[in-house]
Each structure stands twice: as C-alpha cells, then as structure tokens.
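Let me begin by presenting the structure, written as structure tokens, before commenting on it.
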Amino acid sequence: MTTEGNTQIAQEGAHQGSEKKSRLFLFLVGIAVVLVIIGIFTLLQRREQYNALAKETEKSAIPTVAVIHPTVEPSQEDLALPSTLQAYVESPIYARTTGYVKKWYHDIGSHVQKGDLLAEIDSPEVDQQLSQARADLGTMQANENLSRITATRFEELIKTDGVSKQEVDNAVGDYAARRAAVASAQANVRRLEELESFKRVYAPFGGVITRRNVDLGNLINAGNGGTAQEMFVLAATDPIRAYVSVPEVYAAAVHTGLGAYLELTQFPGQKFQAKVARTADAIDLSSRTLNTEVDVPNKNGQLLPGGYAQVHLQVGVTGTRLQVPVNALLFRSEGLRAVVVDANHKTHLQQLAIGRDYGTALEVLQGLRPDDWIVLNPPDSLDEGMQVNVKEPPQKPGSGAPGNGTAPSSTSAPANPNGKPSQGEKK
C-alpha cells in the first residue's frame with residue numbers, strides 16, 4: 001500500500017471520529033434541554049399548586065354565616081307590652097317594741113281590714129319600766145306639792161318680814177324645778193305607755209297578708225334596723241297596678257285615662273279592662289322608654305301581685321314593624337347591634353332601637369329594613385367591614401326559611417338597587 005493510501009485512510013478515520021464526537025455532543029445538549037424543560041414545568045406546576053393552596057386557605061379563612069330577613073309583624077290597632085302585676089299598696093309590718101310573740105291572729109291569704117289585730121307581743125321589760133316610771137312620777141308629784149306649799153308660805157311670811165327675800169326666792173325656784181321634773185316624768189310615762197300599746201300590732205290598711213315571718217315565742221326587736229325582722233307583709237290588691245315601659249316612639253300617644261286591657265295566660269280569652277293612671281312624663285335614658293302605670297279593678301281578687309301580664313294600650317299603632325330573633329343580635333358595650341350583610345358580602349354593625357320583648361324575638365323600631373340580610377348567631381369576632389360567606393340556614397321539613405325570602409348560598413351574592421342582598425341574583 002502506498003503512502004497516499006495510508007494518508008487517505010487516516011483522514012477518513014479522523015473524520016469519522018469527529019462525527020461521533022459531534023453526535024455525542026448533540027445528544028448531551030438534547031438531554032440538558034429536556035432536563036431544563038422538565039425543571040421549568042415542575043416549577044410552574046408547583047407554583048400553580050402553591051397559588052391554589054393559598055387561594056383555598058384564604059377562602060377558608062373567610063367565615064361562613066347564615067342570614068335571614070327580619071320578619072314583618074302583622075298590623076294591629078293596640079300596643080302590646082309585657083308587664084308584672086304589683087299590689088297597689090304593699091308594706092312590711094315591723095314591731096315598735098321589743099319582746100316575744102305571744103299570739104298571732106292572721107296567716108298568709110287572710111283578708112284584713114284597717115285596724116284589725118294581727119299579733120300580740122309579750123314585753124315584760126316594758127311593763128316593769130312603765131311601773132317604775134309611774135312610781136317615779138308619783139314621788140316627783142309629792143315633792144312638787146310640798147315645794148308648792150313651802151313657796152306659798154314663804155311668800156306670805158315675807159309680808160311680815162318673817163323670812164328673808166333670799167329664802168323666798170329659793171323656795172320659788174325649788175318649786176319651779178319640781179314642776180319641770182314632774183313634766184319630764186309624765187313624758188317618760190307617756191312614752192312607755194305608747195310602747196306598751198305597741199304590744200298589739202294592727203293592720204295599717206285593708207288588704208291581704210302575703211307573708212308571715214313570725215311564730216309563737218319568736219324574739220322580736222323593735223324597728224326595722226339591725227337584727228329586726230318584718231312580722232308580716234300586707235298588700236292592697238284592689239285595684240292592682242301594672243307598670244309598662246313604653247318605647248319612646250309611642251310615648252307621645254300615651255296619656256292619663258288612655259284605655260287599656262290585660263291578658264293573662266291563665267285566663268285565655270279573658271280581657272281585664274284597665275286605664276292608664278299616670279306616666280313618668282320623662283324618658284328613661286338607659287332604656288329610652290316611658291314608665292307608665294296602668295290600674296286594673298280587682299274586686300274578686302283574680303289578679304295576683306307578681307303575675308305576668310300582657311298589657312294592651314289602645315294607642316292605634318300604625319306603620320311597618322319588624323321582628324328579629326334574639327339569636328340574631330350582638331350585645332356590645334356600646335349597645336344592641338345586628339350584623340347586616342351588604343351586596344359585597346361585607347358586614348355592618350347596625351344600631352337598633354328595640355320595642356317589645358316577645359321572649360324568643362324582639363320588636364325592632366329603628367335600624368333595619370324588611371329587605372336587609374341579618375346574620376343568625378353572629379360570633380363576637382365579627383366586626384365592621386369583614387368579608388363573609390353566606391349560606392341558607394337549615395329548615396325544618398314543610399317550613400319556610402325565617403324572614404321573607406330565601407337566603408343566598410355561599411356561591412351567590414344577591415344584590416338589589418339599595419345595595420342589599422336580593423333573592424335569586426347570582427354573583
């Protein structure tokens with residue numbers, strides 16, 4: 001083989017080696033590109049997962065609340081308010097002398113007239129003090145009489161110069177002192193005689209005994225201070241009175257002589273006619289109500305003090321009145337609030353003016369509209385301007401949701417031109 005052939009073979013071998021290196025390089029570059037693409041795809045996928053997790057976390061951090069509409073109350077012609085019956089006159093009876101209960105004559109439920117004997121008290125100490133005072137009075141009266149005779153004689157003797165002027169003055173002064181001592185002793189006797197009369201306890205007015213706190217042999221202390229205890233409680237129940245707190249918005253329509261009637265659960269269908277006897281003529285700053293007294297005839301004693309009654313004042317109530325359940329209210333230091341949800345699912349703490357209390361619900365006079373959405377069972381953590389999700393409250397089979405519309409779900413944001421949630425509109 002010639003030298004040229006060898007050279008050509010060497011060149012071809014070198015060319016083939018160069019091509020193998022180029023293919024290896026391209027292969028490695030391709031692998032690197034694929035790895036970079038896979039890395040970028042993985043990073044993008046993880047970023048998307050992180051964003052989705054962040055959105056889900058942010059969404060779950062927003063509280064979900066149930067909302068309802070306020071209930072529109074049916075129209076009526078009178079104003080119904082809760083009240084507690086009270087005796088027209090009620091007084092505890094205390095003893096005015098110290099001693100032991102000798103006998104009592106009337107128990108609870110007894111109807112007594114003014115001046116009836118209720119109890120007798122045995123007070124031996126007062127008896128002895130009265131006897132001693134009368135004896136002291138007799139002694140002082142005897143001394144006064146002797147002093148008077150002496151003064152009269154000295155005044156006669158001075159006319160004949162039988163005694164000196166000084167002796168006459170001493171006798172007259174002693175007589176005056178004796179008279180003053182007699183007057184003091186007489187006052188002490190009268191005081192003890194009064195205490196002696198207090199051994200008998202009389203009824204100060206006609207009524208019914210509602211409480212008896214003593215029994216035979218009990219030690220009674222005079223007065224109503226310290227360890228003294230009331231013997232009886234006497235109440236006059238005809239007429240009987242009821243106090244009601246009239247909301248400020250109705251205060252102008254309430255006046256003396258206004259017609260009214262009472263309804264009690266133990267007398268279904270029965271109305272006890274009454275009249276407004278007087279009002280406080282001032283609005284209570286703490287409750288924004290007018291304290292009003294209603295008097296009811298009670299000759300047969302059907303109405304009992306302490307009983308619950310619904311008082312109907314014939315004031316001619318008009319206009320729209322709303323009612324909300326008590327579990328839709330927030331009790332804050334600044335006053336009663338309801339949490340209202342607007343079209344953007346933002347909360348607003350609405351101040352309320354409350355009317356009547358129905359037990360499980362309250363009448364709202366100011367602060368809400370019929371189309372407002374209010375939160376049921378609002379947590380204390382809710383504050384002004386918070387973002388919330390809303391849901392329909394649970395319903396019993398065959399019953400509608402509270403309020404006058406269907407609550408929006410958490411995926412809807414009902415709105416109306418007034419900026420409040422509205423039924424059926426989607427977010």
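The values are calculated or read from the model by the stated rules, or taken from the named source; none is laboratory data. Keep in mind that what you see is a predicted model, and the values were worked out from it rather than measured. Cβ sites come from the backbone with ideal geometry, for glycine too, and all protein chains shown count toward neighbours. Just so you know, the surface numbers come from the protein's heavy atoms only, side chains and all, with ligands and any DNA or RNA stripped out. Shrake-Rupley method; radii C 1.70, N 1.55, O 1.52, S 1.80 Å.
Here's the yes/no breakdown for (1) assigned to a strand (DSSP E or B); (2) hydrophobic (A, V, I, L, M, F, W, C):
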site	(1), (2)
R356	yes, no
L365	yes, yes
L368	no, yes
I374	yes, yes
D380	no, no
D383	no, no
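Taking the condition touching a Lys or Arg at 6+ places or on another chain (Cβ under 8 Å), farther than 26 Å from V364 by Cα and open to solvent by less than 30 Å² (accessible area, probe 1.4 Å), does F272 pass? Please lay out each step first, then the result.
Numbers: touching a Lys or Arg at 6+ places or on another chain (Cβ under 8 Å): no; farther than 26 Å from V364 by Cα: yes; open to solvent by less than 30 Å² (accessible area, probe 1.4 Å): yes.
Criteria not met by F272.
Quickly run through segment 158-176 and pick out the residues that are part of a helix (DSSP H, G or I) and either in contact with a helix residue (DSSP H, G or I) (Cβ under 8 Å, 6 or more places away or on another chain) or charged (D, E, K, R) (or both).
I158, K159, K165, E167, V168, D169, A171, V172, D174, Y175
What's the number of the only condition in (1) more than 16 Å from Q366 (Cβ to Cβ); (2) open to solvent by 20 Å² or more (accessible area, probe 1.4 Å); (3) in a strand (DSSP E or B) that I283 fails to meet?
Condition (1) is where I283 drops out.
I want to confirm something. Restricting to segment 103-134 and keeping residues that are open to solvent by less than 60 Å² (accessible area, probe 1.4 Å) and among the aliphatic types (A, V, I, L, M), which single residue is farthest from V201 (Cα to Cα)?
Residue satisfying both the conditions and the ranking: A133.
Only one of (1) in contact with a Ser or Thr (Cβ under 8 Å, 6 or more places away or on another chain); (2) part of a loop (DSSP other than H, G, I, E, B); (3) closer than 25 Å to D371 by Cα fails for G301. Which number is that?
(3)
Looking at segment 226-269, which of its residues are open to solvent by 70 Å² or more (accessible area, probe 1.4 Å), part of a loop (DSSP other than H, G, I, E, B) and under 30 Å from R212 (Cα atoms)?
Result: G226, T227, Q229, T265, Q266.
Which one of the conditions (1) surrounded by 17 or more Cβ atoms within 10 Å (Cβ to Cβ); (2) modelled with pLDDT under 85; (3) in contact with a Leu (Cβ under 9 Å, 6 or more places away or on another chain) does G316 fail to meet, given that it meets all the rest?
Against the list (1) surrounded by 17 or more Cβ atoms within 10 Å (Cβ to Cβ); (2) modelled with pLDDT under 85; (3) in contact with a Leu (Cβ under 9 Å, 6 or more places away or on another chain), G316 comes up short only on (1).
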